[in-house]
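S.K.: The structure follows.
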Amino acid sequence: MTFDDLLERAASLVRPDRRAILGVAGSPGAGKTTLAERLVGELNGDGGHWVAQVPMDGFHLADVELERLGRRDRKGAPDTFDAAGYAALLRRLREQDEGEDEGDGIVYAPGFERTLEQPIAGAVPVPRTARLIITEGNYLLLRDAVWERVRAQLDEVWFCELDESERVSRLVARHEEFGKDHETAVAWVLGTDRRNADLVAATRTRADLVVGPAVTASGSMPRVPPAHRPPGSRSAR
């Protein structure tokens with residue numbers, strides 16, 4: 001499986017009469033966001049804007065709410081997200097494609113500011129012209145009633161897999177980049193993050209496709225040929 005194969009498969013999810021939503025799952029640090037960004041960048045690389053990215057991280061509960069709930073020390077666990085709100089947004093994106101009147105045709109999704117480690121409302125505009133939505137997050141395949149509502153909105157879910165030592169190394173570096181000292185970063189990765197990673201790893205068998213280290217660890221990706229435009233339209237409309 002090459003990156004170009006992934007581009008072909010992602011584009012093939014779209015039909016002339018319907019929008020597609022692709023999920024990218026995996027443990028913390030496995031490369032979900034990097035893969036999603038590369039897919040979006042390359043598929044839109046011929047000047048089109050027919051692919052949009054909507055991260056699950058925008059549905060992190062704010063720290064003040066986590067403090068109120070007594071979950072601040074478990075930030076990143078399944079119950080520290082607004083999973084119901086995430087499922088509702090994905091459903092709304094499908095309804096938008098089916099003709100929902102959205103005024104100027106844009107649905108706004110929340111983003112996540114890593115420097116602040118806080119969700120940011122209205123940060124991600126999704127135009128009606130987007131034919132493929134790519135959304136990435138840890139728990140897209142979790143066997144839990146509310147997270148199953150998320151899975152129900154996704155056409156496919158791909159699972160990012162990375163060598164464990166590389167994943168841990170990347171995650172420690174990320175925590176350090178955004179403000180944690182080395183000891184605190186290591187403790188968090190080997191504590192809270194590892195517990196979450198174990199939960200996510202157990203969902204691997206539910207994925208439609210496993211994207212292995214040969215792709216997730218790669219730093220270079222091929223340019224997209226014109227064949228990766230969505231079916232039925234040159235303009236992605």
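S.K.: In region 84-110, which residue that is modelled with pLDDT under 95 and small (Gly, Ala, Ser) is farthest from Arg149 (Cα to Cα)?
M.R.: Ranking the candidates gives Gly103 first.
S.K.: Here's a follow-up. From the list Asp73, Asp4, Asp63, Asp79, pick out the single residue that is surrounded by fewer than 18 Cβ atoms within 10 Å (Cβ to Cβ), without any contact (Cβ under 8 Å) to a residue 24 or more places away in the chain and out of contact with any Gly (no Cβ under 7 Å at 6 or more places or on another chain).
M.R.: Answer to the selection: Asp79.
S.K.: Could you grab me the full set of residues in region 192-231 that are hydroxyl-bearing (Ser, Thr, Tyr) and either at pLDDT below 55 or not in a loop (DSSP other than H, G, I, E, B) (or both)?
M.R.: Thr192, Thr205, Thr216, Ser220
S.K.: Run down Arg149, Arg143, Arg170, Arg68 and say which single residue is in contact (Cβ under 8 Å) with a residue 40 or more places away in the chain and either in contact with a strand residue (DSSP E or B) (Cβ under 8 Å, 6 or more places away or on another chain) or surrounded by fewer than 13 Cβ atoms within 10 Å (Cβ to Cβ) (or both).
M.R.: Arg143
S.K.: From the residues in region 1-43 that are of a type in the set (S, T, N, Q) and in a helix (DSSP H, G or I), which one is nearest to Leu141 (Cα to Cα)?
M.R.: Going through the qualifying residues, I end up with Thr33.
The values are calculated or read from the model by the stated rules, or taken from the named source; none is laboratory data. Remember, predicted model here, so these are calculated numbers, not experimental data. Methodologically, a virtual Cβ is constructed for each residue, glycine included, from the backbone with ideal geometry; neighbour enumeration extends over all protein chains shown.
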